[in-house]
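Shown next, in structure tokens, is the structure this report addresses.
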Amino acid sequence: MGFVSNSDHHKSREAITKDVIEQLTRRNKETPEQIIYFGDGEWDYKTCKNLGIEFIGIDIENDGKLSELGAKNVFRDYTKSELIMNELKRKTA
């Protein structure tokens, strides 16, 4: 079962993200201990930063914008799966 939340329901990306977390919490009947968000856009990073969510950036354009904004963990794409998995393990340790 997926979650439905979009700009038809909420005005900001933060509200959309909060709504998805609330749906997840209701479905699982508990608050997630940790959320790690993968994103490729400036709004993804800013939303995560504002909500205190762990962020892993994917710099598909290879323009360095996410790093310039302050993202600490940025990968070019998903092909370095071992590096990404190591980062996930580090964040969840």
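Structural remarks
- Rounded tilt (10° steps) of 81-92 against the dominant C-alpha axis of the chain: 50
- With contributions of -39500 (n - 2.57) from each DSSP H run of at least four residues, the per-residue ellipticity at 222 nm computed over the chain stands at -14000 deg cm²/dmol.
- Residues whose placed amide H lies under 5 Å from that of PHE55, excluding near-sequence neighbours: TYR37
- Listed values [x] 1.22; [y] 1.15; [z] 1.28, entry calculated as Cα Rg over 2.2 N^0.38 Å: [y]
- Restricting attention to segment 13-92, the count of lysine pairs at 8 or more positions apart or across chains with alpha carbons under 14 Å apart stands at 6.
- Sequence-ordered 3J(HN,Hα) estimates for segment 20-25 from the Karplus curve with 6.51, -1.76 and 1.60 and θ = phi - 60° stand at 4, 5, 5, 4, 4, 4 Hz, glycine and proline given as x.
- Within segment 33-93, the chymotrypsin sites (Phe, Trp or Tyr not before Pro) that combine a DSSP coil assignment with at most 16 other C-beta atoms in a 10 angstrom radius are TYR78.
- Full-stretch length increase - LYS89, ALA15 - with 0.36 nm per residue and alpha-carbon distance subtracted: 23.8 nm
- Positive-end residue of ASN62, ASN28, GLY41, charge dipole of the chain with Cβ unit charges: ASN28
- Assigned charges on the beta-carbon of Lys, Arg, Asp, Glu; segment 13-92 dipole about Cα centre (debye): 340
Each value in this text was obtained by applying a stated rule to the coordinates, not by laboratory testing. A quick note: this is a predicted structure, and the numbers were derived from the prediction, not measured. Cβ coordinates were reconstructed from backbone atoms using ideal geometry, including for glycine residues, and neighbour counts include every protein chain displayed.
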